[in-house]
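Student: Please find one structure pasted underneath; my questions will follow.
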Amino acid sequence: MAHVLLRHRDIPNLNQLDVYQKNGGFEAFQKAVTAMKPNEVTDVVKASGLRGRGGAGFPTGMKWSFIDNKNWPHYVVANADESEPGTFKDREIMESNPFQFLEGLALASYAVGANAAYIYLRGEFWQVAALLDEKIADMEKAGLLGEKLFGSDYSLKIYTHLGAGAYICGEETALLESIEGKRGQPRIRPPFPPAYGLYGKPTIVNNVETFTNVPLILAYGAEWYKSMGTPDSAGVKIFSLSGRVKKPGNYELPFGTTFRELVYNYGGGILDDRPVKAIMPAGASSSLIVVDDKALDTPMDYASVRTLGADLGSASVIVIDDTVSIDWVINKTIHFFKHESCGKCTPCREGNHWMLHLTERIHSGEGSQNDVSLLLNVAKQMQGKCLCALGEFATMAVVTGIERFPQDFQKAVKA
Amino acid sequence: MTKQLTLTIDGVQVTVPEGTLVVDAAKMAGIDIPVFCYHPKMEPAGNCRMCLVEVGRPVIDRATGQAVMENGQPKIQFMPKLETACTNTVSEGMVVLTQTEKVTEGRKGTLEFLLTSHPLDCPICDKGGECPLQNLTVEHGPGKSRFLYDEKQHLAKHVPLGELIWLDRERCIQCARCIRFQDEIVGEAVLGFEARGRMTQIISLSEPGFDSVFSGNTSDICPVGALTTADFRFGARPWELKASASICSQCPVGCNTTFNTRREAKAGGEIVIKRVMPRQNEEVNEIWMCDKGRFAYHYAESAQRLVKPTVRQAKASWTDAFDLVTQTFEASKSDVVVLASGRLSNEDLFNLKSLADGLGGKSILYTDMGGGNLTAQVGVGQGTDLGKLGKGDTILVVASDLYEEAPVWYLRVKQAADRGATLIVANSRHTKLERFARYAIRYANGDEVKTVADLQGDSKIAQEFANAQNAVVFFGSDGLGLNGSANLAAACAKLLQDTKHVGKANNGLIGVWQRANDQGAWEMGFRPEADLASAFKNKIVYIVGADPAGDDPALALALKGARFIVVQDILETLTTHMADVVLPAQAYTEREGTYTSGERRVQRFYAAVPVHGEAKADFAIAGEIGRRLGLNTENGSAMVTFDRLAASVKDFAGLDTNKLAEVKPQWPIVGRGDLYYGGTTYENKQGLGVQLSTAAERGEAVSLPEVRAESALRPREDQLLAVPVTKLYDRGQTVASTELLTQRIGEPTVSLHPETAKRLGVAAGGRVSLAFNGLSAEALVKIDDTISAGVVLVPRSMGLAVREPVSVQVLGLAEAKVS
């Protein structure tokens, strides 16, 4: 099947504007600006069933329709802070299929009446930012960005903005603070960005992959898009596969593909052909899925993954085999979250610090069973009390790891 | 009228205005929801997670818009997680639970988390005993921590953010109250966070460190012992301290304060002041005060204190001193000139005026600023509260640098602008308040009156002033002397009168006086005198609370022409050195009395510490001299003196000391039991004072002087004009003895326009010599490109006696020559 998002794998040099245009590029944008009302664009996206690809899976068209039309100007922001360990899909899109992403961003901007859109990239993506700047310049030269586009009254500018190396800036309100030049820390929500966003103005924040879906949805229609995937999770998704697999990488597949297909058909199976022990479907923020035949045959869509006690999130599938002890896994994840906790709220700032002490102790073999129960308790004490999702994410692997793989911890503290 | 909403908190029905936060609604109902980061004066931050509660809202049927009923009650849907009471606003029918097991566990968890990083050094912590973290841990925390003590992170414990405030990084709980105070309330973002996660720490972003005159307030609202003042740290334990109510005597705002005192071994077992804290008065200083008021109290303990009368510079008994003064006054009567300053209380000034009048002599107010006769007529009306000004109201600040002259007014005017009031800042140069002004007017020196006159007319800004719901005008003496400021006051009074912004609350004229009780001195009938030198000639001069010889060599020379000099003061000065008789006065910390603020609020202060040596209160000394001269002046009780004053000064009619001591409930609630909420600011149990009525609001005829077009000298092509400006930390007697402020006081520094500096061949930090009025002096140079090229700004009370605009010769000095 031809790719929807990773079309550069089918069409050589798609990252060149003329090639992209030869393949129908920017026709959807021109049609929208010249022949559609903004809310008609939103309606198509709504009808397509597209859900946010950043992790939360919120219906995209519905988010766009929440924009506050009594308060102007509006902004659209692309979240290209891709920092979740195990997630590497947006980078491939931006590097190899940049115009489809930019066209999606432009379409979203038109749909919500924004004349300025920002792409917020993690600081390490400075080369990607430079590349996008070139592509934006190409678009401006070709009259695809700028004043009075296609003879209409609609104008649009796109800007790139580099972060300074903080995972928390992937949280949408911290991201907005960072663009504003402030310390990247999450805001209190509500109000949500569609009501109070960048510079206090109504703002739509979506993931790079989300935007990249939009041009083809506009070109081929909502029905075409819905024909892929499952009723709950329409369309296609890029699965970033990593861990103990033979062929890690990005795989664009329809929602509903099973874990087994991903791991064995596409990923080539497990290194040394060992058995799969656990899967983290959403990067370091994941709950750990205990893998058995039932789990492997579970379709990867938002609702089905939930039946396994986990969330699909950004679909960054980390595969863990029986050579890996789960106490090592959570030591790694907590190390990450302790390092990335912004320090704004108490449970996340202090809880991660504490959990790291405990996992270090357990993993180094100096821990006791008491430390394991304390670790579980501290994680639960954080849950439901943090200011943003980061603190909650930090607890997922800890709680599910200890509860679902108790034997690994027993071994760790005995040794 | 804001819509009222009713909710239920722990079964108690509470009705509050729409927009109220759950945490405040609970407080209003007497229910404590513990907080660390939330402060009722600031926007919520939601970061400490201490105020977690269960929140439920009525389920609304989407079709009908009606509440869904269940067993005759609205069905309540509770949020799945605990919610922060500081970020949720109330809604109709909301149900809040603050005492459930879930909430208790949440609070306990938050406290356990906070304490994992806390050093638990309460026994040596200045905050111990008045610490929200300590108190809330006792009330809500776990008895034991499960965190290994050895794994605690150790951080620097003695970090100076500036020379006034120290940070203990281990104690900090990252609530950001200090940062938010500086950002939101002061508008000077000089503090910030550095690094992240558990390494997050407060840093100063300014040079010099913590460059704000409000820094001390951050230590009051710090919910732990992280921020302490250099003045008080390791000085005493809060429970050893006694509290005495007072009024700050440093500027005309009249901040309500509390002196904390205790017996001190280092002071030979004497009772001394350990710290000065703000005392709540929402209509005056709210819960804040400036650093000058907080730290510059040490002069009362200075070694230069006068403790015994002297006659011809030799120690003498009070009897001998009184005898000589009385005989001299008796013999000369109408030749007696009483020169008194606004440092004195209303009672002091009343007795001094009675004495001068009784002798048929002259009474002169020692000041370089005029206009006090106008504030009594068209000053702000009773009930004025700058905290109520906002959208639709206009504030004009002209020829005053409020940040330097009356910091808490700066704070309150800035906040009124934040609330939407139109702020007009008119000055000949940039001042800090300008940033918050909707209209910033920069006039040429000499155009002060014209600038105010131009606010009457058809311009947009004039219309905005005329049509304002309420209008308040602050006028000062920035760049002006006595005559210039008097002319300016007249212009401001006319503007207010013509636009009908007089005779009612939140409207009228406020003088940004040079001393705390200048307004009171005007009320008592003291008037300034343009030509002091002539006024001294061949007279019997009785100088009280002033140091003319120290302030201006010309006045020292003039005093030599006096026949007899009596000086009454608290400190030894150049003027006391010239006196025939010196009478030692009590500091205001040692006695009681009242001051009248610039907003004409009469407020009481009380004795906090024992009297130094044989010093007597100024009113008592004047009263005693009066008695000996056969006048019926009170020489014993300040409050009896006040009653007499009230009986004879019209604007004070009907006032008594009980009225001044009346209090009413104030919001936000502060005080000992509510430390966690409002901070360590003292609750006001001693009196909010009473604002005097103006002639305009009593319906009396208002007689305003004719406005003279020329307000002051103008710079000329061929010469530079030195103009005086006020600096908060100066070398005045009451400031200079506070060592802590030495760095902020600095060297005498004049400001030059870049062009002028270039012409003189000096750069910033260089030195110049100045010659004016037959005097010469040296000063450092600061560059200010917002001033006119024709002027040199000279700070007052820094040893350069520029009392009004005066022509000056300036020479650049190549080599630094320390004078």
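Read-outs: derived from the displayed coordinates by stated rules, not from any lab. What you are looking at is a predicted structure, and each value in this text was computed from that prediction instead of being measured. Heads up, the Cβs are rebuilt from the backbone with ideal geometry, glycines too, and the neighbour counts pull from every protein chain shown.
Student: Each label point is 7 Å from the Cα along the Cα-to-Cβ direction; what then is the distance between the points at B:A440 and B:K537, in nm?
Tutor: Placing both labels 7 Å beyond Cα along the Cβ direction yields 4.7 nm.
Student: Ok, one more. Could you give the dipole magnitude of chain B about its Cα centre, charging the beta-carbon of Lys and Arg +1 and that of Asp and Glu -1, in debye to the nearest 20?
Tutor: 520 debye
Student: Grab the beta carbon distance between A:K148 and B:C122, set R0 = 60 Å, and tell me the FRET efficiency rounded to 0.05.
Tutor: Working: r = 67 Å, r/R0 = 1.12.
For A:K148 and B:C122, the calculated efficiency is 0.35.
Student: Report, in whole Å, the centroid distance computed from the Cα atoms of the stretch A:127-201 and the stretch B:758-773.
Tutor: Here the two parts' Cα centres lie 51 Å apart.
Student: Sticking with this structure for a sec: Hey, if you drop one equal point scatterer on each alpha-carbon of chain B and run the Debye formula without solvent, what base-10 log of I(q)/I(0) do you get at q = 0.04 Å⁻¹?
Tutor: -0.19
Student: Let me ask something else about it. What spacing in nm lies between the two simple spin-label points modelled at A:E366 and A:E95, each 7 Å away from Cα in the Cβ direction?
Tutor: Here the answer is 4.0 nm between the modelled labels.
Student: Next question, about the same structure. Please report, in debye to the nearest 20, how large the charge dipole of the stretch A:245-384 is about its Cα centre when each Lys and Arg carries +1 at its beta carbon and each Asp and Glu carries -1 there. Write out the running numbers ahead of the final one.
Tutor: Details: 13 positive and 17 negative charges, 74 e Å.
That gives the stretch A:245-384 a dipole magnitude of about 360 debye.
Student: Here's another thing I want to ask about it. If N is the number of residues in the protein assembly as shown, what value comes out of its Cα radius of gyration divided by 2.2 N^0.38 Å?
Tutor: Here the answer is 1.10, to two decimals.
Student: Still on this structure: Under a straight-distance cross-link criterion of Cα-Cα below 21 Å, which lysines are reachable from A:K411, leaving out those fewer than 8 residues away in the same chain?
Tutor: A:K277, A:K332
Student: If a/c stays under 1.5 just call it rounded; otherwise compare a/b with b/c (prolate if a/b is bigger, oblate if not). Do that for the stretch B:124-178, with a ≥ b ≥ c from the square roots of the Cα gyration tensor eigenvalues.
Tutor: It is oblate, given that a/c is not under 1.5 and a/b is not larger than b/c.
Student: Please report B:R708, B:R233, B:R294, B:R591 as a ranked list, fewest other C-beta atoms within 10 angstrom at the top and most at the bottom.
Tutor: B:R708, B:R233, B:R591, B:R294
Student: Sort the stretch B:483-632 into rounded, prolate or oblate with this rule: let a ≥ b ≥ c be the square roots of the eigenvalues of the Cα gyration tensor; rounded if a/c is under 1.5, and if a/c is not under 1.5, prolate when a/b is larger than b/c, oblate otherwise.
Tutor: The shape class here is oblate.
Student: Sticking with this structure for a sec: To the nearest 20 Debye, how big is the dipole of the protein assembly as shown about its Cα centre, given +1 on the beta carbon of each Lys and Arg and -1 on that of each Asp and Glu?
Tutor: Dipole of the protein assembly as shown, to the nearest 20 debye: 720 debye.
Student: In nm, give the distance between the simple-model label positions of B:A653 and B:T100, each being 7 Å from the Cα along the Cα-to-Cβ direction.
Tutor: Reported label-point gap for B:A653 and B:T100 is 6.3 nm.
Student: A further question follows. Work the Kirkwood hydrodynamic radius out for the stretch B:4-114: mean of 1/r over every pair of different alpha-carbon atoms, inverted, in Å.
Tutor: Radius from the Kirkwood sum: 14.5 Å.
Student: What does the average come to when, for each residue of peptide B:197-205, you count the partner chain Cβ atoms lying within 10 Å of its Cβ?
Tutor: Counting Cβ atoms of other protein chains within 10 Å of each residue's Cβ and averaging gives 4.
Student: Suppose R0 equals 30 Å; then what is the FRET efficiency for A:L271 and A:A47 from their Cβ-Cβ distance, rounded to the nearest 0.05?
Tutor: 0.10
Student: Among B:F78, B:L52, B:M28, flag the residue with its Cα farthest along the positive direction of the charge dipole of the stretch B:4-114, charges on Cβ as +1 for Lys/Arg and -1 for Asp/Glu.
Tutor: B:L52
Student: Please give the contour-minus-distance gain from B:E43 to B:E270: 0.36 nm per residue of separation, less the Cα-Cα distance, rounded to one decimal in nm.
Tutor: 77.4 nm
Student: Starting with the fewest neighbours, write out A:M355, B:M94 ranked by other beta-carbon atoms found within 10 Å of each beta-carbon.
Tutor: Lowest to highest Cβ neighbour count: B:M94, A:M355.
Student: Got a sec? Charge dipole of chain B, +1 on Cβ for Lys and Arg, -1 for Asp and Glu; which of B:G508, B:T431, B:T15 is way out at the positive end?
Tutor: Of the candidates, B:T15 comes out farthest on the positive side.
Student: Going by Cα centres, the stretch B:646-682 and the stretch B:529-605 are how many Å apart?
Tutor: Using only Cα atoms to place each centre, the spacing works out to 31 Å.
Student: Which whole number gives the average count of other chain Cβ atoms within 10 Å of the Cβ atoms across peptide A:348-360?
Tutor: 5
Student: Given 0.36 nm per residue, what is the gain on full extension from B:N632 to B:D418 after removing their alpha carbon distance, in nm?
Tutor: 71.9 nm
Student: Rank the residues A:F211, B:F772 as a footprinting-exposure proxy: fewest other Cβ atoms within 10 Å of their Cβ go first.
Tutor: So the residues, fewest neighbours to most, are B:F772, A:F211.
Student: What number, in percent, do you get for the relative contact order of chain B if the mean sequence gap of Cα pairs under 8 Å and at least 6 apart is divided by its residue count? Walk me through the intermediate numbers first.
Tutor: Values: 1897 pairs, mean separation 104.5, N = 819.
Relative contact order, chain B: 13 percent.
Student: For the pair A:Y199 and B:N467, what calculated FRET efficiency results from E = 1/(1 + (r/R0)^6), where r is the Cβ-Cβ distance and R0 = 41 Å, to the nearest 0.05?
Tutor: About 0.85, to the nearest 0.05.
Student: Given B:M69, B:L645, A:F211, which one lies farthest toward the positive end of the charge dipole of the protein assembly as shown, if we put +1 on the Cβ of every Lys and Arg and -1 on the Cβ of every Asp and Glu?
Tutor: B:L645
Student: Still on this structure, please answer the following. B:K27: which lysines have alpha carbons under 26 Å from its alpha carbon, excluding same-chain residues fewer than 8 sequence positions away?
Tutor: Hits, sequence-local ones excluded: A:K344, A:K385, B:K3, B:K41, B:K75, B:K81, B:K102, B:K108, B:K127, B:K388, B:K664, B:K685.
Student: Relative to a virtual label point 7 Å from the Cα of A:I11 in the Cα→beta-carbon direction, which members of the stretch A:62-103 show backbone nitrogen distances below 17 Å?
Tutor: Only A:93-103 fall inside the zone, counting backbone N under 17 Å.
Student: For chain A, go through all pairs of different Cα atoms, get the mean of 1/r, take its inverse, and jot down that Kirkwood value in Å.
Tutor: 22.0 Å
Student: Additional query: Summing +1 for each Lys or Arg and -1 for each Asp or Glu, what net charge is found among the other residues whose Cβ lies under 15 Å from the Cβ of B:T89?
Tutor: Spelling it out: positives minus negatives among the neighbours equals -1.
Student: Could you work out [θ]222 nm for chain B from helices alone, using -39500 (n - 2.57) per DSSP H run of at least four and dividing by all its residues? Round to the nearest 500 deg cm²/dmol.
Tutor: Mean residue ellipticity, 222 nm, calculated: -6500 deg cm²/dmol.
Student: Oh, and also: How large is the Kirkwood hydrodynamic radius of the stretch A:179-319, counting all unique pairs of alpha carbons, in Å?
Tutor: Values: mean 1/r = 0.0592 Å⁻¹.
Evaluated on the stretch A:179-319, it is 16.9 Å.
Student: Here's something else I'd like to know. Between the stretch B:355-403 and the stretch A:8-40, how far is it from one alpha carbon centroid to the other, in angstrom?
Tutor: Between the Cα centre of the stretch B:355-403 and that of the stretch A:8-40, the gap is 70 Å.
Student: Please work out the Cα convex hull volume for the stretch B:316-406 and give it in Å³ per residue.
Tutor: In the stretch B:316-406, the Cα hull volume divided by residue count equals 172 Å³.
Student: Then there is this: List the trypsin sites (Lys or Arg not before Pro) within the stretch A:17-120 that fall in a DSSP loop (any state other than H, G, I, E or B) and whose Cβ has at most 13 other Cβ atoms within 10 Å.
Tutor: Listed in order of number, the matching sites are A:K70.
Student: Also: Report the local net charge at A:L271: Lys and Arg +1, Asp and Glu -1, summed over other residues whose C-beta lies under 14 Å from its C-beta.
Tutor: +1
Student: Are there any trypsin sites (Lys or Arg not before Pro) in the stretch B:62-134 that are in a DSSP loop and have at most 10 other Cβ atoms within 10 Å? List them by number.
Tutor: Here the sparse-neighbourhood loop sites are B:R62.
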